[in-house]
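Novice: Below you will find the structure I want to go over with you.
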Amino acid sequence: MIGYVAVLLAGRFWLVGGAAMDRLVNRMGLWSIAALLMYRCASTPTLDDPANQVALGCVLVNTTYLYSIGRLVGADAEQDVVRRHQRNGALLALAATASIVLTATSARYSGRSVDLRLVEDALGIGCAFAVPLTYNTVVFTRRCLGALRDVDTPRAARIVCIGLIGSNVILWGALALSLFQPATGWPDGPQLSLVQAAFTLWVAIDSTLLAMPLVAELVLRAGMDRATRSCGRLLPLWRDLTAAVPQIVMPVDARHGSDPATRLLRMTVEIRDAMLHLGPYLPPETGEAQRNTVPEPESDRALTDYAHRLIRAAQARKAGLPPAGTGAPPPLPVIAHDFDTELSHLMDLARVWPRARAAAEPADRASVDQRTTGNRPERQSSMRRRMLSSIGSSSISSGANQATSCDSSETASSPPTGRPSRHIENSCRTSPSS
């Protein structure tokens, strides 16, 4: 148990030790390790051993941090007040520890054993230990019960509260038996063993439950949390839409830009803004054969059709084409009233987006080829102009020669009136132009 708590505590100090609540939990873990070490160093399982007496004091200091955590999550959650209460509780715990050590030392010097049903010494030590421990744990349990009564408490927090209350109940039961034993002799054996076993189980439960933020931080850093996975699934949709409407991309906040939840919220808002901007560019709904280039389930057909239209709208806006209509933009496929519903619909659209994008790639490739070979038509037109000019010049020269021949023929075959014949006039008139 010492090794288990030490590993969890090292991880908490490394990853989740910044907030006031986390600092209290970490210090409580340190005192838990100190108490377990004292129990481990004791040579006998009775209160005659000074190590066991110091261990009881470590347990009391430990519960003072539990009390401070309960005050911090309550209505009076001011850090200065909590810090003052923590200091006062620690002083009371040290005073109770000193009382336990003095009583046990006095009994040992008198030749008495504290664990042999001596009501005077045993009850004195029991009260010095049980009163502050019970008060601290009761305050914390009340806070947990208040969280359970709150309807807005998340399910994970409810599980943690139930586990912490159960660990306190175990500690109270062992404490009650240890106080009942000196008067009745039941159960048999040293009463300190009950407290030690109950405290060890209490530490195991509390350390495991309070390590949940550590696990959440590890999952977050590994990119396996829900927000990070949702961002990854929305990334292709977000990238294509914001490329068509780049002005809607908001600047990244340096303080919260790396937070997955904030990043997911930004991506959702920007995707919705891009869809609104692309609304006027949406083409009309296509027929069954045009929109179902990839076989889709019946429930995905409308969504796939909207994805195809949205892709064509993005292509049209990137190409600088005018909107498809002059009226108001068509409504979005689904109007959501909360973030979870909005995210669910966008995730459905992102699910069909890669297949719709793949179906639109041939048209994209054709447009890309046209852009990359944009100078080829100019070269062809320039070549055509050069060919036409050369053809025209040769035609003009040949036309001139034909005109000369026409003139000579005209002179040779002119009728008495001096005008060329209609056949020659037409051939001379059409020869240069051909």
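Novice: Just read off the accessible area of Cys58 with the full protein assembly in place, 1.4 Å probe, to the nearest 10 Å².
Specialist: Here the accessible area works out near 10 Å².
Novice: Once label points are set 7 Å from the Cα along Cα→Cβ at both Val73 and Leu321, what is their separation, rounded to one decimal in nm?
Specialist: Once both label points are built, they end up 5.8 nm from each other.
Novice: In region 215-246, which residues have a backbone nitrogen under 13 Å from the label point lying 7 Å from Leu265's Cα in the Cα-to-Cβ direction?
Specialist: none
Novice: Using a 1.4 angstrom probe on the protein heavy atoms only, line up Tyr65, Tyr109 by accessible area, largest first.
Specialist: Accessible-area ranking of Tyr65, Tyr109, largest first: Tyr109, Tyr65.
Novice: Once you have the Cα-Cα distance between Val131 and Leu91, take 0.36 nm times their residue separation minus that, and quote the gain in nm to one decimal.
Specialist: Computed gain between Val131 and Leu91 is 13.0 nm.
Novice: If the chain between Ala358 and Phe180 were fully stretched, how many nm would it gain, using 0.36 nm times the residue separation less the Cα-Cα distance?
Specialist: Numbers: separation 178, 0.36 × 178 = 64.08 nm, distance 7.61 nm.
Extra length from Ala358 to Phe180 when fully extended: 56.5 nm.
The values are calculated or read from the model by the stated rules, or taken from the named source; none is laboratory data. The model shown is predicted, which means the values in this text are computed figures rather than measured ones. When we count neighbours, we look across all protein chains shown, and the Cβ atoms used for this are built from the backbone with ideal geometry, even at glycine. For accessibility, only protein heavy atoms count, side chains too; no ligands or nucleic acids. Shrake-Rupley method; radii C 1.70, N 1.55, O 1.52, S 1.80 Å.
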